[in-house]
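For reference, the structure is listed below as structure tokens.
The values are calculated or read from the model by the stated rules, or taken from the named source; none is laboratory data. This structure is a prediction, so every number in the text was calculated from the model and none was measured. Positions of Cβ are backbone-derived with ideal geometry, glycine not excepted, and every protein chain shown enters the neighbour counts. Keep in mind that these areas ignore ligands, DNA and RNA; they rest on the heavy atoms of the full protein, side chains included. Shrake-Rupley method; radii C 1.70, N 1.55, O 1.52, S 1.80 Å.
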Amino acid sequence: MKRIGVLTSGGDAPGMNAAVRAVVRKAIYHEMEVFGVYQGYHGLITGKIKQLDRGSVGDIIHRGGTMLRSARCLEFKTIEGQKQGIAQLEKYGIEGLVVIGGDGSYMGAKALTEHGFPCIGVPGTIDNDIPGTEFTIGFDTALNTVIDAIDKIRDTASSHERTFIVEVMGRHAGDIALWSGLAGGAETILIPEAPYDMNEIASKLKRSQERGKKHSIIVVAEGVMTGSKFGAIIEELTGFDTRVSVLGHMQRGGTPSAADRVLASRLGAYAVELLLQGKGGRAVGIEQNKIVDYDIIEALAKPHKVDQRMYELSQELSI
Ligand code: ADP
């Protein structure tokens, strides 16, 4: 392969820029030409495509967001949309494509692969919900953002002796809530993957108060219920003074952490190595600190699982 493309798609994540930089630099190092596709699959269909040189990815490794920008594109879910995308790639003589994004973006890469166009998926999402990789690019930075917020909330919670509900992102995957709750010392963590009992949560809060604990922090993944709904139920069951903090989109932004930059660099470069070998239809990931690749179609068939042992640990440590 002599000419490849790269795009970022779906929800943006800190570290996507570091991944784009790695793809571009690694490809140029191996004397390939690289084209950036702007605005995800929307730009692919409409031909927002431009050649990138080593300088065009300078000064971005430390920036959040994505210089290639991102978009949602319903049209790409149709076969006509996908064929238009392939026609654009062929027009530019592009022979392989690196797609940096979440599980929705992987579906697009899978569709292109099924049409016979070589694509490599790179996991870029704060949700950590891509099958076949222990970590996704952006997850570590988002966790640090949430922990920073929890630490600050803890200060005010203890001053005012309040119960705080912190709503974090995660519609289907509880990884952000679980990891940040564990690292932030939350009393209770609610994730979409685990059952919960509101009466039991309320009793636990009351038992803690009887022991002399004056404040509590509860982390709720948005996929369980909204923080305000949860807070209202807790107030009704306990009578405690409760406040709700919804962290929202701030979790997607910010300077990528060192861990995310390193992961993005390793995964982005490996995606190019696969294309150099003429491989397509693969997704890259990290397992036990080794960079791995696997069939993108098979991977998507397996659901992401939250780490059950970690969930048990969070319960053991928050007694
Ligand atoms: P993320 O990649 O962060 O999960 P989305 O779920 O919004 O974000 O997906 C990003 C884009 O991927 C969508 O806007 C669409 O263009 C494309 N996509 C999603 N699902 C499919 C699908 N089933 N087939 C083809 N393309 C898809």
Total residues in the stretch 261-274, condition closer than 14 Å to I4 by Cβ and crowded, with 19+ Cβ neighbours inside 10 Å: 6
Complete set of residues in the stretch 275-292 that are in a strand (DSSP E or B), of a type in the set (D, E, K, R) and surrounded by fewer than 20 Cβ atoms within 10 Å (Cβ to Cβ): E287, K290
Test: residue in the stretch 105-112 that is in contact with a Ser or Thr (Cβ under 8 Å, 6 or more places away or on another chain) and more than 11 Å from the ligand (Cβ to nearest atom): no
Unique match (being within 15 Å of the ligand (Cβ to nearest atom) and either more than 13 Å from the chain's Cα centre (by Cα) or not β-branched (V, I, T) (or both)) among L97, L143: L97
Contacts under 9 angstrom Cβ, first residue in the stretch 88-117 being touching a residue at least 12 places away in the same chain (Cβ under 8 Å), partner near the ligand (Cβ under 6 Å from one of its atoms) and open to solvent by 50 Å² or more (accessible area, probe 1.4 Å), 6 or more apart: G104/R72; M107/K77; G108/K77; A111/K77
Every pair of residues 6+ apart whose Cβ atoms lie under 9 Å, when the first sits in the stretch 29-47 and is in contact (Cβ under 8 Å) with a residue 60 or more places away in the chain while the second is of a type in the set (F, W, Y): G40/F76; Y41/F76
Only one of D12, D59, D53 that is in contact (Cβ under 8 Å) with a residue 60 or more places away in the chain and acidic (D, E): D12
Sole exception among (1) within 12 Å of the ligand (Cβ to nearest atom); (2) of a type in the set (G, A, S); (3) over 18 Å from the mean Cα position of the chain (by Cα) for G10, by number: (3)
Residue check for G212: open to solvent by less than 50 Å² (accessible area, probe 1.4 Å), more than 16 Å from A232 (Cα to Cα), free of Cβ contacts under 8 Å to residues at least 60 places away in the same chain and out of contact with any Lys or Arg (no Cβ under 6 Å at 6 or more places or on another chain): yes
Inter-residue pairs, beta-carbon under 7 Å, first part of a loop (DSSP other than H, G, I, E, B) and in the stretch 248-274, second open to solvent by 20 Å² or more (accessible area, probe 1.4 Å) and of a type in the set (S, T, Y), 6+ apart: G254/T145
Criterion (at pLDDT 95 or above and within 16 Å of the ligand (Cβ to nearest atom)) met by exactly one of R69, R63: R69
Residue within the stretch 42-59 that is open to solvent by less than 30 Å² (accessible area, probe 1.4 Å), under 17 Å from the mean Cα position of the chain (by Cα) and either more than 9 Å from the ligand (Cβ to nearest atom) or under 30 Å from M169 (Cβ atoms) (or both) present: no
